[in-house]
1. If we scan the range B:64-71, do we find a residue that is among the polar types (S, T, N, Q) and open to solvent by 30 Å² or more (accessible area, probe 1.4 Å)?
2. Can you give me the number of residues within the range B:131-187 that are more than 18 Å from the chain's Cα centre (by Cα), more than 13 Å from chain A (Cβ to nearest Cβ) and within 25 Å of residue B:117 (Cβ to Cβ)?
3. With the condition being open to solvent by less than 10 Å² (accessible area, probe 1.4 Å) and under 30 Å from residue A:255 (Cα atoms), I'd like the strands (runs of 3 or more DSSP E) fully within the range B:100-200 carrying at least 1 qualifying residues.
4. For the range A:279-297, name all the residues that are in contact (Cβ under 8 Å) with a residue 40 or more places away in the chain and open to solvent by 90 Å² or more (accessible area, probe 1.4 Å).
5. Just to be sure before I move on: is residue A:79 at positive phi and either at pLDDT 95 or above or surrounded by 19 or more Cβ atoms within 10 Å (Cβ to Cβ) (or both) in the structure I sent?
6. Name the helices (runs of 4 or more DSSP H) wholly within the range A:4-77 that hold at least 3 residues that are of a type in the set (Gly, Ala, Ser) and more than 21 Å from the chain's Cα centre (by Cα)?
7. Go through the range A:211-229 and count every residue that is within 8 Å of chain B (Cβ to nearest Cβ) and in contact with a His (Cβ under 9 Å, 6 or more places away or on another chain).
8. Taking the range B:241-266 as the search range and keeping residues that are within 18 Å of residue B:291 (Cβ to Cβ) and more than 7 Å from chain A (Cβ to nearest Cβ), which one is modelled with the lowest pLDDT?
There are 2 protein chains.
Amino acid sequence: MTVKTVGIISPGDMGAAIGHVLTHARVAVVTSLTGRSDLTRRRAERTGIRDVGSVDAVVAASDLVLSVVVPAEAAQVAGQVAESVLRTGARPVFVDCNAIAPQTVRTLGERINAAGATFVDVGMMGGPPRPGGGSPRIYCSGPDTSLFESLRQYGLDVRRVGPEIGQASGLKMLHSATTKGTRALWIELLVAARAMGLSAALAEEFAAGGIQVKQELIDNIPHEPRRAHRMIGELEETALTFQGLGLTPKMLEGAADMHRFICTTPLAEQTSQEPDPPLEAVLDTLAAHARSTRARD
Amino acid sequence: MTVKTVGIISPGDMGAAIGHVLTHARVAVVTSLTGRSDLTRRRAERTGIRDVGSVDAVVAASDLVLSVVVPAEAAQVAGQVAESVLRTGARPVFVDCNAIAPQTVRTLGERINAAGATFVDVGMMGGPPRPGGGSPRIYCSGPDTSLFESLRQYGLDVRRVGPEIGQASGLKMLHSATTKGTRALWIELLVAARAMGLSAALAEEFAAGGIQVKQELIDNIPHEPRRAHRMIGELEETALTFQGLGLTPKMLEGAADMHRFICTTPLAEQTSQEPDPPLEAVLDTLAAHARSTRARD
């Protein structure tokens, strides 16, 4: 099976990185940059992704169309592609790579299928891939994932979960709850400890009680603020996933709240070019912000 | 400093165990069993705790009165003791050992102080103590904790956190968020994995992503159901603690929801005499219950 052209909507951090792996392997990658920022434009240029001007042109040119956006935009992209499929008569395989709830992804799948195209559900775990090495784990599911799976030959770590739309997204949601949910809880409790002047006492109690805090968890906290904005939607989708299963959405809604809270501090304005602030500074800033929030109540 | 008589309201699992450590060391321990169950009565007899018939009699006889109840009963006990102090003119030191929010404990402290007695804030981490060895970590705080601290000589692991009412409770709340909050999140996500048929895929993803799940966390899950009822109130108090600090209460409210959900299954009816069911059986029962909950919606 050969993929000649891949469409990517849109070439942000992750989308452009996937595109770069493919262009590096001499696969044509196209997108529509109409209305996109200069940053996105430059990123596309740098990674060899070609602007074909419109979603219709992307759909008409591509064997596979990858949707790689924030959760809030996933439905809009799937809707646009479904309309383009109907309008152009082209039948690319549509691949939703976004962090959205299985029930949401099933709705998008029905829409794409109704337009006559194949739908693949994808959940990605880990950071952006790089040409020549390093790939997130890219889980896929659906009745026909073979064309998408052929991207494995270009160094992407594609893994099939099963035949059902929603399985790959379900796995992504479980991963979010595990990593981002746990981290949100720990950020909150460490900020609470600081706000109550109990950080040292808590550390002593952990030592006395044999509670080992995973260093990786702690080390990741200073990275969180700059990613907080992106996490809100993903954690809300995780909450919806649990609710859809008959379980409480509140723990994950609370994790989204925590990131929303972080987004109202200057910490969230750091760019990825700046070094992470020290953990103590992050917790101090958040504790001070909590105090001021409470004072306003 | 010598403690001759300690009052304990009420001698449940934890209260009676503390009483037993004291009676074993020949300290007199009194309580009121009026209206209590046969189980509590037998437990008191077995541990040498003497029934003096009323809270007034407990207050009149004791140097220290320990309140060891479920969070929902803590305010009532403190109120009764404050009234007894006013009625009897006795001035025992009142020790609130319950898992309640710092702001709640401060209100109880004001009430006891207004009646003319000394108040000590206590938070206990770990299981019940045993005569001759093994004690939970018993943190205390408040302006005058010296009489309570003298219980250290009987083998109780009493530790002073600081001079403020609310510090010991605050530490207890942080401990609850750490242990019970984290466990609730993991129970939920493991049940969700099972409900979606993704348990094996999640285990593989953990292995692929280098996510090490703490074995202690997993091993503790089968214990949770029988303790679920007791945890609801404690997690709600933890949620209130965070809210009082200007942080979201939702993660911990969700953890309380999770335990409320567990309480509606037959798992919660196990007694501590029965062995824990296997982890797989616990997750299966909870996943099946989630499905039936969802079906009713």
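The values are calculated or read from the model by the stated rules, or taken from the named source; none is laboratory data. Since the structure is predicted, the reported quantities are computational estimates derived from the model, not experimental observations. Every residue, glycine among them, receives a Cβ derived from its backbone with ideal geometry; neighbour counts consider all protein chains shown. We work out accessible area using only protein heavy atoms, side chains counted, and drop any ligands, DNA or RNA first. Shrake-Rupley method; radii C 1.70, N 1.55, O 1.52, S 1.80 Å.
1. no
2. Total satisfying the criteria: 13.
3. Output list reads B:119-125.
4. A:291
5. It is false that residue A:79 is at positive phi and either at pLDDT 95 or above or surrounded by 19 or more Cβ atoms within 10 Å (Cβ to Cβ) (or both).
6. The helices (runs of 4 or more DSSP H) meeting that bar are A:55-61.
7. 1
8. This residue is B:266.
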